[in-house]
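Beneath this line is the structure, given in structure tokens, with notes to follow.
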Amino acid sequence: MNDVLSNSQKSYQAYRYRLAGMVEYKEAYKPCYKVFTILHNQSIGPSEGVEDNSIFLIGIEVTLYYMQLFSLLLIIMTRMMSPVSSEGSLKIGVIYFSPIDVKLKKDLLYNIGITYRCNVDEIEGLRTLPTEAYFKARNRYRAPIILEYLKTIHGYDKIIGVTSNDISTTSRGVYDWGVLGLGYCPGKSCVISTYRMKTSNKALFKERFIKIALHELGHTMGIPHCAKDLKCFMSDAEGTVRSVDREEMSLCSSCKKILNKD
Ligand SMILES: [Zn+2]
Ligand SMILES: [Zn+2]
């Protein structure tokens, strides 16, 4: 009988040490352990009732162990399954000035969310580009004026505008230089245009669309053009999609450092 009890106590101790490695179980259940020991020692005697109590206590402990294990698993699973877009407090809004394919819009939201670990929403409803941004001589819209307009939209930390109209800015000594996108660096707003992204290859169009959007948003986060890695989407596109096509959908390590500095 003593041998049986001693084995039982040993296995109980081993069980407790396993628990101790988790959520400081040892300290939390010390009183319960004492009661169990007393009852177990008493069970050496002929009393069947006491033996029953000790078995009952083992049942409680095992139940508590599994409840804790279950809670721990639940916490881990909730963290793993929660959408990335809800991890950060930064709030980005996407606003459309032209109709865009629904699937493409979803892909854009997803990629912004995972790249910048932020909350990102589409601002419902098609907007009209500000008339004062129209540059009649070239049938284009001046991107800096669009940025000023986007800046006035409340409720978001960053706003990205999307249009299919051609947009331009003053660059490289040229007053009206056509661009794929423009963004403050750093600042609240940026805009992209699908006008110069055009291709019959849908997959390629999607890549260009997302990389350019991530690029302009990167500027709003304070990331300048990247000269470290030609594959980084913060490389200078120099107004051509060919440069965008050699980029990957990720930031290089130097740009990630700038992003995570804040
Ligand atoms: Zn740029
Ligand atoms: Zn980079």
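Nearest 5 percent is fine: what portion of the DSSP beta bridges confined to the stretch 110-222 is antiparallel?
55 percent
Among residues other than ARG140 whose Cβ falls under 10 Å from its Cβ, what is the net charge (Lys/Arg +1, Asp/Glu -1)?
Cβ neighbours under 10 Å give a net charge of +1.
Please give the charge dipole size of the stretch 84-260, origin at the Cα centre, charges +1 on K and R Cβ atoms and -1 on D and E Cβ atoms. Round to the nearest 20 debye.
With Lys and Arg at +1 and Asp and Glu at -1, about 240 debye.
On full extension of the chain, what length is gained from LYS136 through LYS106, given 0.36 nm per residue of separation minus the C-alpha to C-alpha distance?
7.5 nm
Note the per residue figure in Å³ for the convex hull of the C-alpha positions in the stretch 84-260.
111 Å³
List, in the order given, every pair from LYS202/LYS261; LYS136/LYS256; LYS211/LYS257 whose Cα-Cα distance in the structure shown is over 28 Å.
Pairs exceeding 28 Å: LYS202/LYS261; LYS136/LYS256.
May I ask you to sort SER168, SER189 by Cβ crowding, counting other Cβ atoms within 10 Å and putting the fewest first?
Going from sparsest to densest Cβ surroundings: SER168, SER189.
As an exercise, identify the GluC sites (Glu not before Pro) in the stretch 157-262 lying in DSSP coil whose Cβ has no more than 15 other Cβ atoms within 10 Å.
Hits after loop and neighbour filter: GLU238, GLU248.
Could you give the length gained on full extension between THR170 and MET249, defined as 0.36 nm per residue of separation minus the Cα-Cα distance, in nm?
Gain on stretching THR170 to MET249: 25.7 nm.
Only counting other Cβ atoms within 10 Å, I'd like SER171, SER89 sorted with the fewest neighbours first.
Ranking SER171, SER89 by Cβ neighbours within 10 Å, fewest first, gives SER89, SER171.
With r defined as the distance between the Cβ atoms of SER98 and LEU230 and R0 fixed at 25 Å, what FRET efficiency is calculated, to the nearest 0.05?
0.25
With Cβ to Cβ distances under 15 Å as the rule, what net charge do the other residues near THR131 carry (K, R +1; D, E -1)?
Net charge in that neighbourhood comes out at +2.
Count charges around ILE192 for me, please; just the other residues with Cβ under 11 Å from its Cβ, Lys/Arg as +1, Asp/Glu as -1.
Local net charge: +2.
Along the positive direction of the dipole of the stretch 84-260 (beta-carbon charges: Lys, Arg +1; Asp, Glu -1; about the Cα centre), which of TYR149, VAL179, LEU104 reaches farthest?
Farthest along the dipole direction, towards plus: VAL179.
Taking the stretch 199-249, which trypsin sites (Lys or Arg not before Pro) meet the DSSP loop condition and have no more than 14 other C-beta atoms within 10 Å?
Sites meeting the loop and neighbour criteria: LYS228, LYS231, ARG246.
No lab work stands behind these numbers, since they all come straight from the coordinates. All figures in this text were calculated on a predicted structure; none of them were measured in a lab. Glycine gets a Cβ as well: all are built from the backbone with ideal geometry, and neighbour counts include every protein chain shown.
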